[in-house]
Each structure stands twice: as structure tokens, then as C-alpha cells.
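This report refers to the structure that appears directly beneath it.
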Amino acid sequence: MRALAVVLLILLMIGLGAWWAYQTYAPSAPPPPGRPVEEERRQVKVTAMDDGAQVQSDCMDLAHSLRAAISRGGAIPEGTRLVSLELTKSGVCLVELSKEFLQVNESGTTGESEAQNALRRALGPFDKVKSLTVLVVGNVFEGSHSGEWSEIPVRGGDAGSGGEQ
Amino acid sequence: MGGPFRRHGWLSVSFLLVLGVTNGWCRELATVRIQLDGKPLAGNPVGRYDGKELFVPLDVVRALKGSVAVSPKQDSGEVRGASGAVREVALTRLGGVLMVALDDVAGMLDVTYTVRGDICDLRTERLPLPSPPKSEGSTKPTSSETRSQAAPPQRADGNAKPAGAKREARSSEPDSGRRPGGARKASGPKAAATELTRPEKTGEAPERAASRSESAERSPDAKGKTEIEAGATGAVQTPDPVEGAPSRPAAQQPPVRTGERDRGIASRGTTTRSTGAPSTHIRDIVCEAVDPDQARLRVLADSSIAPRVAMAKGEPMLVVDIPNAVLETMTTEWAFGHPLVVGVRAISEAAPGLTRLLVKLSRLVTYRVRPDMPDGFEIALRLPRLAGRRLEEMTVVIDPGHGGPAATGCSAMHEGRRVYEKALTLSMARKVYDRLRAMGINVIMTRTDDSAVSLAARPELANNNLADLFVSIHVDDAPGNPNASGTTVYYHGSDENSRALAYVLAQTVSMAGGLPNRGARSDMERFVTGMAVLRRAEMPAVLVEVAYISNARDRAKLVRPDFQDMVARAIAEGIRAYVEARLPAVEPPPLEGD
């Protein structure tokens with residue numbers, strides 16, 4: 001009886017030990033307390049593009065797609081430049097645009113939604129991007145109809161899928 | 001002594017043993033010898049490999065004609081490739097040697113690598129980008145892993161760095177302080193884990209189509225309903241023969257998903273694929289009178305149906321489109337004596353495979369569709385909220401769009417001077433204020449002059465004052481499309497009461513202004529997150545885009561005080577019609593083109 005209890009306890013200990021080790025070393029383990037939040041984010045390596053845009057080095061594909069969308073014009077104000085681009089661990093693409101982009105707020109619901117959907121479409125094909133945050137002069141851009149462009153999903157929804165007259 | 005020792009001694013010994021073994025096992029990184037193009041490197045450098053990522057000593061980087069400048073803390077370094085590219089990378093000390101993850105630098109150094117057993121083979125020649133593993137002829141897929149410089153952008157799992165490596169990743173972003181806190185809050189291990197479990201996508205187009213059809217079929221979800229309405233708005237004008245199209249690619253390439261929804265798509269996909277032979281048979285339509293203010297319209301069929309439902313623009317009727325269905329009912333006309341519903345007329349083959357039901361209403365109603373019931377679907381109709389309320393007891397918030405020196409809204413030149421949206425909206429809002437006051441309604445304005453009011457403050461004012469309705473007045477602008485003209489009224493998401501109010505106002509304002517009625521539309525058709533002022537309002541809320549400032553004809557009207565007065569009267573009358581649950585007067589109906 002006692003032997004059985006000991007065996008059971010040992011098994012329990014093995015289980016606990018394995019669990020502890022897993023918790024400590026598994027990829028999803030939370031960072032130890034006390035580390036600054038900054039370090040939760042992916043290490044950012046920045047590459048400068050030819051126009052000076054600071055782009056996270058492994059996100060050049062995103063930058064090229066965005067720049068193509070911006071240069072296509074349409075609802076995106078003329079002269080808008082990509083200033084910086086960064087992708088957080090959780091898939092939020094932080095896109096900083098030059099101050100020309102603020103003119104979006106002078107173009108009504110239709111223009112504003114077209115601008116937003118143009119940027120969403122540019123990032124939509126990239127699975128690593130989940131949402132889009134647009135910054136202008138260091139602040140989150142606030143559309144005068146849609147509100148803050150913070151963590152806007154780049155896929156899904158009906159917006160911009162048609163009927164943009 | 002014997003008993004306690006036997007017990008506790010054994011326990012602690014086994015515990016420590018287990019810990020030690022698992023600990024060491026987890027922490028141990030495989031040692032790999034590094035070769036360059038099949039030849040051992042000078043100094044026989046040894047790398048570490050954790051099954052996912054390869055760490056190599058800095059000597060290897062130098063051997064590949066790169067240079068490394070190590071930071072004073074030795075936790076990061078600047079690597080310069082042969083081509084001159086510079087990148088800051090994290091360094092880690094493994095086995096007493098400073099190492100760098102080869103993935104971080106492989107691209108700049110123009111190498112690919114293969115790990116086979118305890119040998120890592122670096123290759124300097126460029127591989128054809130689309131299929132890097134193929135050129136590694138000798139590579140056994142079971143025991144090796146190939147990385148190429150083409151890989152980094154594709155690395156969806158790249159954000160989950162192996163924990164065993166314990167890399168000291170200090171942010172090298174010099175200006176990271178300015179980043180918004182909100183953008184970061186979702187980051188972290190949990191989010192990374194969800195990303196990893198996301199299904200693989202074969203291509204963008206099928207995926208998008210799949211998600212479209214999926215959300216269209218999803219019933220209780222508000223977003224799904226938005227989708228239905230969105231589709232239906234267009235369908236009112238023209239029966240759309242291709243509306244089955246979005247689900248067709250989904251049927252051919254079923255998304256890699258599990259769960260109930262998936263089965264729904266699959267079965268739906270099969271129905272849709274056989275466009276020639278519709279498989280849903282509509283047996284009957286019944287109206288269940290819950291009470292005089294509520295009714296349930298049930299469409300009975302042999303399988304579940306996800307219809308598209310919308311209010312007809314010109315007529316007091318609900319248009320219900322059922323794709324891939326055949327009518328097998330005894331009649332095509334049903335008369336119901338309910339106070340809300342007059343009857344239903346069915347049109348078989350309104351478009352190929354499409355059955356259309358026209359539900360004639362006698363009052364303004366809100367509707368909620370319950371699709372995908374085992375035997376068809378159901379539309380719940382009821383009077384809008386506030387119906388029957390006395391006008392004197394109501395509080396309405398009128399919100400003139402924009403305002404202040406910075407938020408001018410859109411503008412256009414008109415007869416030599418610039419017309420600003422903020423001035424037009426204020427002018428119209430003031431007139432609405434007067435009209436509503438005259439009706440005895442308590443009215444609150446979000447601004448009464450050209451002052452700046454934040455987007456958040458506007459609905460907040462309505463919420464704090466327990467307002468019954470919120471009406472925001474705007475003027476639209478379509479850059480690059482001077483022909484766009486007419487009145488659009490937005491409601492949030494798929495809110496039924498807001499939608500009913502939007503329907504009424506689109507009708508009254510467009511008619512009074514002699515403008516095309518662009519209908520009531522969900523704000524999520526425009527913005528995936530909706531509109532700020534509508535999103536936050538807790539009462540039925542709409543945003544009226546009276547007309548287009550970019551259209552010369554609309555603009556000429558907008559600046560005229562008598563037009564503004566007509567619009568104001570129309571908004572006031574629309575609010576009255578909503579409260580009385582009365583269908584607004586209709587213009588001579590442009591009978592639907594079927």
C-alpha cells in the first residue's frame with residue numbers, strides 16, 4: 001500500500017517537474033517579471049529605403065506594397081510618403097506617413113474610406129500582418145469619420161470590397 | 001529514521017532527478033559543425049542548433065566577408081554584409097562564445113544553410129527563389145531544414161523566437177517611445193501562439209472569398225448580418241446573377257478550418273457549385289403573429305437558407321433574395337392580416353437560380369434575420385424602439401459634422417469662394433434644431449458655432465444626456481468622381497433600430513432635396529471598424545451624408561438656404577415618422593427591374 005503511494009507520488013513529481021520545465025522553457029512561456037515591456041517586442045532591425053523611410057528589415061515586402069498603394073494616388077493625398085514601418089510581434093503593422101496624409105480629413109466619408117481601404121488592401125495579402133495602425137507625425141492618425149486608425153484589421157469585413165463610387 | 005528518510009529521501013531524489021533531466025534536456029542545444037560549400041571552415045567553428053534556429057559564432061560571419069561591431073554590453077551587434085547592408089542583430093552567448101542567429105544575417109551575407117545531423121552546410125551560391133529546398137539535392141526532408149535568403153519575409157513564425165535560445169532581445173529602436181501604447185497591448189506570447197495555429201492559406205483570392213461566404217452564412221453574428229445587408233442593398237436595384245460566385249471558389253478550395261461553420265460552408269459550397277440544379281425547395285411562407293407589434297415571417301424549405309434581406313429603396317417593402325432556390329409553393333401571393341405585414345409576393349427565377357420575395361409592409365419595422373434554421377429561415381419583424389413615444393418626451397442630439405479651425409471637413413470652390421463642410425453642416429443642423437424644437441422635442445447640439453469638438457465627445461454628450469436619438473449631419477466628397485451624387489444615411493454595424501431610422505431619413509432627405517437616394521448603408525461597408533460617432537452612441541444613431549460637395553449640382557443645392565431648410569424639414573419629418581413607426585411617403589416607385 002505504502003509502496004503504491006510512493007510510486008504515485010513519484011509519478012506526480014515527474015509530472016510536476018515536466019510541467020515546470022515546460023512552463024519555463026516552452027516557446028509560449030511568458031517573459032520573467034521585471035523585464036521591460038519593450039523587450040516583449042520583436043527585435044527591430046531597420047533598413048533605410050532609398051527615400052529615407054525607416055523600414056523593419058524583414059518587412060521590406062510590406063513597405064514596397066504600401067509604397068505602391070501610396071504612389072497610386074487616388075484617395076491618398078498627393079505627396080504622402082512612407083516615413084517608417086514596423087511590424088509588432090502580434091502582427092500590428094505600424095505605418096508612419098508624412099503629414100501630407102492629414103489631408104485625408106478634407107475628403108469626406110467616401111475619400112477617407114477609400115484611403116483606409118487602399119492601405120488595408122496593400123497589407124491584406126500578407127499573412128504576417130493582422131492589423132494596421134497609421135501614425136502621422138508620431139501620433140495615431142484620427143480620421144474625421146472613422147476615428148483613430150489604430151489596429152484596423154487588414155482582412156475581413158465588407159469595407160471596400162465594392163461599391164466605392 | 002528509516003521511514004521518513006525512505007519516503008522523503010526518495011521523493012526529493014526523484015524530484016531533483018526529474019528536474020535535472022528535463023531542465024538539461026530543454027536547455028541543451030545541439031552542437032553542429034559548420035561547413036562552407038562542403039569544406040570545413042578555418043578554426044572548426046561550432047554552432048548551436050535548437051531544431052528551429054541556428055546560432056553561429058561571429059567568426060563565421062567574418063568568414064563570410066561580413067564584419068561585426070559588438071555593443072559594449074555584448075547583447076547586440078551591428079553586422080555589415082559584403083554588399084554594404086547594415087543590420088543590428090541580437091547576440092547571445094552560448095557555451096561561452098558570442099553567437100548570432102544565422103537567420104538574421106543569412107540574407108545580407110548571401111548564404112543559405114542546411115542542417116543535417118550534426119553538420120551545418122553553408123552555401124554561398126544564390127538559389128532560385130521560388131523553391132529553395134529543391135536545389136539541395138542531397139537534403140533529406142525528414143532530418144534537415146533548409147533556409148534561404150528568400151525565406152525571411154515568409155517567416156510567419158519568425159516572431160516566436162525559440163525560448164531555449166533565450167536571446168537577449170533589446171529593442172534597438174531609437175524612437176520607440178513615441179509608439180502608441182494601444183498598438184502594443186495585444187503583443188505577447190498569447191498572440192504569437194494564435195498566429196502559429198492559424199491555418200495555412202493557399203492563395204489570397206480563395207481565402208477572401210471563403211471568408212466572405214462564410215460570414216454571409218454565419219447567422220447570429222452581427223458582422224455576418226452586415227454582410228447580408230451589404231449584398232442586399234445592391235440586389236434591390238438589379239437581381240444579381242453572380243451572387244453565388246463568392247462561395248464558388250470556397251467550394252473548390254475548401255479552407256483548412258475545423259468546426260461547425262466549416263460543415264456549413266461545405267454543404268453550402270456543394271449547393272452553390274451546382275448552379276444549374278438548385279437544391280433548396282421552398283415549401284411555404286407563413287406569418288406568425290406574436291402580437292400586434294411583432295410578427296415572425298417564416299419561409300419553410302427542405303434545408304437551411306441564408307437569404308439576403310434589405311429594405312427596398314423606393315417602396316415600403318422588404319426584399320428577400322434566396323439564391324439557389326426553387327419555389328414549390330401552392331401560390332405566389334400570400335396575404336397576411338397582420339398590422340405590420342400586408343403580404344408576400346414571390347418571384348421565381350428573378351435571376352438565374354434566384355427566388356425573390358417581396359414582403360409588403362404597412363408600418364416601419366425593424367427586421368432581424370435568423371438564417372440557417374433546419375427548415376428554412378425566419379425574419380422577425382417588430383416596431384422600432386421608441387415607437388409610440390410622445391415627441392415632447394424625447395431628447396434628440398443633433399451633431400453638425402466637423403468644426404473648428406483644423407477640422408474643416410471637405411470643401412470645394414463655389415462661385416469664386418470656398419465652401420466648407422463644417423459651415424454647411426452647422427447651418428443645416430441649426431435649422432433642424434429649430435424644426436425639432438417646434439415639434440416639442442428636446443434638442444441638444446454637439447456644437448452651435450465653429451468650435452472643435454472631438455469625435456468621442458459627440459456620442460458621449462448623447463449618452464450622458466440619455467438621448468433617444470443621435471443624428472449626425474455631414475456632407476460627402478468623392479475625390480476623383482465628380483458624378484457621385486445623392487443622399488446616403490449610415491447606421492452602425494447591423495443595428496436594427498438605427499437601420500430603420502437611416503432608411504426613413506434616406507427616403508425623406510433625398511426626396512425633399514430632389515437627390516438620388518443612395519440608401520441606408522452600414523458604416524462597416526465603408527470602414528471595417530465603422531464610424532466613430534455611431535460606434536459609441538448607445539441609442540439609435542445615424543450619420544446623414546446629405547449630398548456630395550464634389551458634385552457641381554449637389555453643391556449648388558447645398559449652399560442654398562432654402563435647400564438646407566428643406567433638408568432640415570425632411571430630417572425632422574423623418575424623425576417623426578420613425579417615432580410613429582410610419583413608412584415615409586414614397587416617390588413614384590422606380591419598380592424593381594425584374
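Please treat every number below as a calculation from the coordinates, not as lab data. Since the structure is predicted, the reported quantities are computational estimates derived from the model, not experimental observations. All Cβ positions, glycine included, derive from the backbone under ideal geometry; neighbour counts span all protein chains shown.
Some points to look at:
- Ordering B:Cys287, A:Cys59 by the number of other Cβ atoms within 10 Å of each residue's own Cβ, fewest first, gives B:Cys287, A:Cys59.
- Peptides B:46-52, B:439-445, ordered by how many other C-beta atoms sit within 10 Å of their residues on average, highest first, read B:46-52, B:439-445.
- Projected label points at A:Asp61 and B:Ala585, each 7 Å from Cα along the beta carbon direction, are separated by 6.0 nanometres.
- Here r is the Cβ-Cβ distance between A:Gln103 and B:Leu391 and R0 is 30 Å; the resulting FRET efficiency, rounded to 0.05, is 0.10.
- Efficiency of FRET between B:Val290 and A:Asp127 - r from beta-carbon atoms, R0 30 angstrom, step 0.05: 0.05
- Note on A:46-59: average number of Cβ atoms from other chains within 10 Å of each residue's Cβ is 3.
- Where trypsin sites (Lys or Arg not before Pro) fall in DSSP loop in the range B:372-454, at most 10 other Cβ within 10 Å: B:Arg390
- Think of chain A as a dipole: +1 on every Lys or Arg Cβ, -1 on every Asp or Glu Cβ, centred on the Cα centre; then among A:Ala115, A:Trp20, A:Gly156, A:Trp20 lies furthest on the positive end.
- For chain A, the longest principal axis of the Cα atoms and the long axis of helix A:108-123 meet at an angle of about 50 degrees.
- In plain terms, the residue of A:Arg72, B:Arg356 with the fewest other Cβ atoms within 10 Å comes first and the most crowded comes last, giving A:Arg72, B:Arg356.
- Peptide A:100-107, shielding by other chains (average Cβ, 10 Å cutoff): 4
- Point-to-point label distance, B:Arg417-B:Ser279, nm (Cα→Cβ direction, 7 Å offset): 6.6 nm
- Only lysine pairs 8 or more places apart, or on different chains, with alpha-carbon atoms under 19 angstrom apart are counted in chain A, and they number 4.
- For A:Ala5 and B:Arg116, the FRET efficiency from 1/(1 + (r/R0)^6), where r spans their Cβ atoms and R0 equals 35 Å, is about 0.15.
- Peptide A:79-88 shows a mean partner chain C-beta count of 2 within 10 Å per residue C-beta.
- Each residue in B:Asp284, A:Asp58 was given a count of other beta-carbon atoms within 10 angstrom of its own, and listing them fewest first yields B:Asp284, A:Asp58.
- Over chain A, relative contact order from alpha-carbon pairs under 8 Å, at least 6 apart, %: 16 percent
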